[in-house]
Structure formats: C-alpha cells, structure tokens
Amino acid sequence: MPRPENPATGTDDAVLSPASEPTDSPWLRILGRSAAGGTATAVVLAAVALLTASPASGLSVLVGAALVMVFFGISLLIGHFTGRTNPSGALGLFAVTYAIKVVGFGAVLFLFGTPDWLDRTWFFWGALATVIVWQVAEVVAFSRLRTPLYNDTPGTTAGTSTAHRPEGP
C-alpha cells in the first residue's frame, strides 16, 4: 500500500525504471557463444588426445566436435533467419529441421563409412564433450534473453502508456 508521501499515481517518471527492451535477434549471439565453448572444449581435448595417444586421435576429436557444432549450428541459423519473419513458426521449423538433420547426418555417416584413421573412442569423447558444453552455453545464453511478455510499443515506460487511459479532461 502506498504511503501518502509517495502516492501511486504513476506520474513521477523519475522514480520509475524504464522497461527493458527485448533482444533483437538472439540467435547469432547464442550461436557464437555456443560455438566458442564447443571450439575451446574441442581444442583442449584434441591437445590431450594428441599428447596421450596419436595425431589421428586429436583429429578424431576435432572431427567429432565439428560434426556436433554443424548439427546444432544449423538449427540456430534457421532460428535467426525465420525468427525475424515468422517467430511463431520457428518452433515447427526446428522440429522439421531436426528430423532432416538426423536422417541427413545418418545417411552421410552410413554412405561414407568410418575412415581408417578415425579413432572411434576419441571421436566419441570429442562429440560428447562438445554436446555437453554446447548445450550448457545455449541454455545460459537463452536464460539471459529479454523476451517481452506484453505487446507494448517500444519506448513507453510503466504508467506512461496512453493505451489504457480514459479519454476526456
């Protein structure tokens, strides 16, 4: 309940905090942060594989990580391009794209097979570590988005909008 010395009339703009603006297009920023985390993880793990096993093991880590980053990066790029024109349709497009990616990557792996130089164990660990780091970076980035809850016009602050004020003197 407001006190008499601070009435709740909404006319004192100096006391009100301006509403935060929504994030314009978050997809590329999320892609960048996730890719940076995945790349750093892959480089560190590839160095470990190179020093403890062989150059082929280090390359296997990098190939596994790259495969994961391309797989997840496609979704964020689709979000970037469709999120601007049709934000409500982006989720459906994500689902369709996911199915196409699973079938497509499976077909590529099946058709090309496993190269002789590929170390399956290091490939697996590189892919797994990249998936974990990518997902954590993506969740953290998504949690920091500013998503508007109401369809207010940009630049208005609480209590100053003319949308719900009664007309008259």
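We did not get these values from a lab; they are worked out from the coordinates using the rules stated. None of these values were measured; they are calculated from a predicted model. Reconstructed Cβ throughout: ideal geometry from the backbone, glycine too, with neighbour counts over all protein chains shown.
Annotation for VAL96 and TRP117: the two label points, set 7 Å from Cα along the Cα-Cβ direction, are 3.9 nm apart.
Between ARG33 and THR52, what length comes free when the chain is fully extended (0.36 nm per residue of separation minus the Cα-Cα distance, one decimal in nm)? Before the final figure, lay out the partial values.
Working: separation 19, 0.36 × 19 = 6.84 nm, distance 2.87 nm.
Result for the pair: 4.0 nm of gain on full extension.
For the stretch 78-150, a simple Cβ point-charge model (Lys and Arg +1, Asp and Glu -1, everything else neutral) yields a dipole of about 360 debye relative to the Cα centre.
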